[in-house]
Each structure stands twice: as structure tokens, then as C-alpha cells.
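Here the structure comes first, spelled out in C-alpha cells, and everything after it is commentary.
What follows draws every value from the coordinates through simple rules; no lab data is involved. Predicted model only: the values in this text are computed from it and were never measured. Heads up, the Cβs are rebuilt from the backbone with ideal geometry, glycines too, and the neighbour counts pull from every protein chain shown.
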Amino acid sequence: MLDGETLMAPFQLEAGTSVVLAVSGGVDSMVLLHLLAPMHPRRLQLTVAQFDHQLRPSSAAEQQLVVAQARALGVPVVTGTWPRSAHPVSGLEAAARAARYAFLTATAAAVHAPVIALAHHADDQLETLLFRLARSGSVRAMQGIRPTRPAGAVTLIRPLLQVSKATLRAYADAHRLAVAEDESNDDLAFSRNRLRHTVVPALKRENPQVLAHTTRLTTELTGLIALADQRGAQLLQDALVRPGVLDWTTLMRQPEPVQAALLAQQLANWQVFLPPATQAACLHALQVGSGRRAFGPSLVTVTHRLELRPTEAVAGPTQPPQPLVLGQWVTLPAGRVGLFDAVPADVDEWALVPAGPIVIRQRQVGDRLRLPNGHHQLLRRFLINAKVPVAQRAQRLVAAYEDTVVWVQGKERPELFQFPRTDIIQAVLAFQTTNQGDDTRL
């Protein structure tokens, strides 16, 4: 049987902690509200937050439903609305998510809540893993949705992450909860919905324990990756000849998959990102030890050594690579940049990017960027087409995700680089110039 105290126990919140509970009106969040309400105010100081995106005719009625249920349960409620006049012509889904998270974080700040509780459940986790498997297959991506994740000044928690959708529906039916149904969840134009209505049911028919196996997979992967990172750091440290130079002969006793993982870890340490095929070629060169080979502008192999060379990039002021942490600003000579769940107020530029890892750096020879049509273009050609003077090109900062540039300082369109959109894997990259009067638009 579902119980709020049991669901919240893993998060070890102190008595009296203020928690914002995101409630849309759907069955998932309404069940979470019903489960946690008995803890208010004795154990937790709850505040329900409901955001009307005004995307559907029924949205106002859904907000009223949430308000009525929260008040009936004795929980204070804060509402917000995204007026239709603020809806963009394109990128509506992503902009709606950004507006929703901006509302949630603002609500948390207003009630001094360090925690926001979301109603993602076990089926969401399975859908996310399938989505990421299809998109990338990265082991780190297969860790899935985290039960707890820092997001700037707040922490996001997901108490229902091990609870199935069927269990939530059964609870709602048993307690006769009034819930709203979002008809867009049945629209097969969205890839996540296609997974939800076709692939996930087939997997459940194959094995009813697939959701439990999903939880086990994400939990074990998170632990194994943490252990691998620790051991990998030790092996790489032992192979370090001097800063920027590794002797690969000390690592060749390891199985080839381990060597591949170590190479990827070291490249990430150096903020050097190569496509998988180039990484494989680099590893082969290290193992064979045949002469000198360059991989990108800053990486060379010399016999069995891996060496980081200063980027022979572009003339201009030096800006060392700076990894971004979600929710934190990084100060740069040109202004400040940060990665967030929603668009911060008063920013000059923003772009939707993968949730990480994102590195801010100067552009390099050979940089490629991803265009809205999914194709790639040399950054040099992009800047030429945008008629950026040669003297200014070296000063433009870029944000890179692995080997792909996802943002260029001064671009005109906020969504020039479009990545697959889900509520899980995207973040907002925001840039604010030091001098608001300095127009550096492309």
C-alpha cells in the first residue's frame, strides 16, 4: 500500500522542511498530493504549485480542480498562468517547460522551500531509458532520471520513481480522486507517446517485472559508474608522466573496453570531446604506437603517449574551457553564462541544450555546430555566412556538448541548435553580457 511517510523516507528531510509540490491535475501528481497531504504541517510544510500553460481549453478547469483539492486537504496552493500572448511561434513544448520550471522555482523562493517534489514514476523512467537508448546508447545516459537532483538553489525530488503508473491509477480509483486527463498524452506525433503506447506495453507483456528491472538497472549503473570513475582516476593518475602527458603502456594491460573507458574519462578531464569513431582511432594509435598522429586541434599521440597540446585555435584573448554546473552562473570576461532548468530573468541570449556535460570555451579549428535540420556545419562557415568580421570571430565563445557546438555567443535565434526534446534531458543555457549596451548579435 502506498504511504507518504514511506515514500519520503529516503530523502531524509528534517521535520518542518518546506516543500513545493508540483501538481498538474493529472493522476500522478494528484495521487502524490493525496499521499503527502497528511504530513502537512506536522512533518512537512507543503505548498501546492499549479501552472496553467493555457495550451488546452480545459487547462483553466484543471487549475480549479487542483485548487479545490488542495484546499480540501488543508494544503496552501499557489497558481500561475502562462498567457497565450507569451507563447512562441515555434518551440512551444520547450518554452512551456521553461515557463513551468521558472514558476516552480519562483514559488519555492517565495515560500523559502529548498525542495520541489515532482511526480515522475516508474513508467516515466522506463520511457526515458528507451528514449535515450534510441538516441545515444551512452552508459551514463542510461542512469535515467535521478530520484534526487540539485537544481540551483533547490533540490528536485521524485518520491514516486519506483511506483508504476498502474499502481497510481489503482490508488486514484480506490480513493475516488478527481483527476484531469491530458489528451496530448495520446498524440502519437510525439516520440515519447509512441514509446508509451507501443513499446512499453509490449515489454510489460513480455515480462511484468520490467519496471522493477528498470529500477535495478539505473541503481546498479549509478553505483558502477561511481566505482569506475574512482578506479579510473587512480589508473590515469598512475599513468601521468607530467601534466598533459599520459604513458599509455601502463594501461595496455587492461582489457580493451576498459582502455576505451579510460580514454573517454581522460578526454573528459581535459575537456576534449571526440566523436566515437575518432576516439576508437585514437585508442588504436596508442596501442599500436606508430609515430605521431593528431586528433583534433589539441590532442596528439606520440608512440604510446597521449599528449594534450595548446589549441592552435584562433587568435584572441585566452579563455580556458569552463564546465557548467546546473543552476550556477560562471563569470567570463564577456559576461556570465549558466545552465538552468528554466530561462532566468533579464538574460540577453538563451538556447535549449542537453542537460550536460556542457563546456564553455573559445572556438577551435574544426569546430562543427548542429543546425535545426539535424545537419552539421563548420563553425567557421557559419560565422562567414553570418558576416561576422574576422577580428570578432576569435572573441566569440561557444558551448560544446561532447564534440558538437550547441551555442555561439551572439546568435540571433534562441533555438538555433535544436536537440531532441523531452522533459528530462534538456536544460537552458543562458548568457548575460557585462555591458548591456554592447550589441554582439550575429
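At a glance:
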read-out: Gained length - Ala294 relative to Thr250, 0.36 nm times residue gap less alpha-carbon distance; value: 13.7 nm
read-out: Lys, Arg +1 and Asp, Glu -1 on Cβ, resulting dipole of the chain about Cα centre, debye, nearest 20; value: 940
read-out: Selection from Leu156, His284, Leu339, by position along the positive dipole direction of the chain (Cβ); value: His284
read-out: Most mobile listed residue (Val428, Val288, Val210) in the chain, GNM with C-alpha springs under 10 Å; value: Val288
read-out: Residue among Asn185, Thr303, Leu379 farthest towards the positive dipole end of the chain, charges placed on Cβ; value: Thr303
read-out: Most mobile of Gln209, Gln328, Gln266 in a GNM of the chain (Cα contacts under 10 Å); value: Gln209
read-out: Estimated Rh, the chain: Kirkwood, alpha-carbon pairs, angstrom; value: 24.1
read-out: Mean separation of Cα contacts under 8 Å (6+ apart) over length of the stretch 214-308, as relative contact order %; value: 25
read-out: Alpha-carbon centroid distance for the pair the stretch 321-343 / the stretch 44-64, whole angstrom; value: 30
read-out: Selected from Phe51, Phe273, Phe295 as most flexible by GNM, with the chain as the system and alpha-carbon contacts under 10 Å; value: Phe295
read-out: Nonlocal amide H pairs with Ser18, under 5 Å, H built at 1.01 Å; value: Gln45
read-out: Rounded FRET efficiency, nearest 0.05, which uses the C-beta distance separating Ser85 from Glu14 and R0 of 41 Å; value: 0.45
read-out: Whole-angstrom gap from the stretch 254-271 to the stretch 149-210, using each part's C-alpha centre; value: 36
